[in-house]
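Worksheet: the structure to be examined is printed underneath.
Read-outs: derived from the displayed coordinates by stated rules, not from any lab. Note that the structure is predicted; figures quoted are calculated from it, not measured. Glycine also receives a Cβ, built like all others from the backbone with ideal geometry; neighbour counts cover every protein chain displayed.
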Amino acid sequence: METLEVYCLSAIERGMDGAKVIDPRSIVTAEWVRMKCQFGCPGYGRRLCCPPHTPIPEVTRKVIDSYEKAILLHQRLDQGRKTKGFNEAIVRLEMEVFLDGYYKAWSMGSGPCRLCKECDIAGLCKHGYEARPSMEACGIDVFKTARDNGFPIEVIRSLEASRNVYGVILVE
C-alpha cells in the first residue's frame, strides 16, 4: 500500500488546489450544521445525498472515529462553477485509494449531488457507485475543519463570488 501523501499528489494532478493527510479527530461535527440544511436550503429532502436521508452528526462522528487517517481536499471554484466536477474527482480518487488496498476508503464531497437532474427520493439511487453525500449534509462543520487544518475558507456574500470547497476521504 502507498503512503497517503501519494494521493495528495494525485489530487493536485486531478485539479485540486490543496490536499492534506489529517487526523480524523480534527474533523468537527456539530448538530447545528444539519439544521442549516433543514432551515436554510431549498434542496432539503430533495436528494438522497441530502438530509434527512444522510447520517445524523452523531453517526457521522462514530464513522469518522473508526478511521485512522483522512485526506482533506480543497478546490477554489470560480464564480458560477458548480461542485459536480470536484465531487467526481473525489470519488475517482477514493476508488484509486480503495484499489490500492485501503478497503475502508470512503469519501464525502461538497454541496448537493448533481448526478441526476431530479433525484428519485422514493427509489434507490441510480448512481450508487458515484453518489456521495457532502460533508455538511452529514453534519460536518466544514469551516472549522478547514481552518483547523490550515486551509482558507470564508462566507461567500453573493452567488457570483468565488469560493473554497472541501471534500474528505476517510482511509484505513
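Annotations for the structure displayed:
- Karplus-based coupling profile of segment 119-127, in residue order and whole Hz: 7, 8, 6, 8, x, 8, 5, 7, 10, with θ = phi - 60° in 6.51 cos²θ - 1.76 cosθ + 1.60 and x standing for Gly or Pro.
- For PHE143, PHE39, order by how many other beta-carbon atoms lie within 10 Å, fewest first: PHE39, PHE143
- Relative contact order of the chain: 34 percent, from C-alpha pairs under 8 Å at least 6 residues apart in sequence.
- Over 25 Å between alpha carbons, listed pairs LYS62/LYS84; LYS36/LYS84; LYS84/LYS104; LYS20/LYS144: LYS62/LYS84
- Sparsely packed GluC sites (Glu not before Pro) within segment 1-75, loop by DSSP, other Cβ within 10 Å at most 14: GLU2, GLU68
- Cα-Cα pairs of segment 18-107 separated by more than 18 Å (percent): 59 percent
- Segment 12-56: trypsin sites (Lys or Arg not before Pro) falling in loop per DSSP and having at most 16 other Cβ within 10 Å: ARG46
- The gain in end-to-end length when the GLU68 to GLU5 segment is fully stretched comes to 21.2 nm, 0.36 nm per residue minus the alpha carbon separation.
- Kirkwood Rh, angstrom, the chain [1 / mean 1/r, Cα pairs]: 16.2 Å
- Residues whose amide H lies under 5 Å from that of GLU172, counting only those 5 or more places away or on a different chain, are LYS104, ALA105; hydrogens are built 1.01 Å from N in the peptide plane.
- Residue-count net charge about HIS74 - beta-carbon cut-off 10 Å; Lys, Arg +1, Asp, Glu -1: +1
- As a ratio to 2.2 N^0.38 Å, the alpha-carbon radius of gyration for segment 70-172 is 1.11.
- Helix-derived mean residue ellipticity, 222 nm - over the chain, DSSP H n ≥ 4, -39500 (n - 2.57), to 500: -8500 deg cm²/dmol
- Karplus 3J(HN,Hα) series, Hz, for segment 148-162 with 6.51 cos²θ - 1.76 cosθ + 1.60 (x for Gly, Pro): 5, 9, x, 9, x, 6, 9, 5, 7, 9, 7, 5, 8, 6, 5
- The ranking of TYR44, TYR7 by Cβ neighbour count inside 10 Å, starting from the fewest, reads TYR44, TYR7.
- Burial ordering of VAL33, VAL155, fewest other beta-carbon atoms within 10 Å first: VAL155, VAL33
- Spacing of the two label points (7 Å from each Cα toward its C-beta) at LYS144 and ASP100, in nm: 3.0 nm
- Pair ASP78, HIS127: separation of 7 Å Cα→Cβ label points (nm): 2.3 nm
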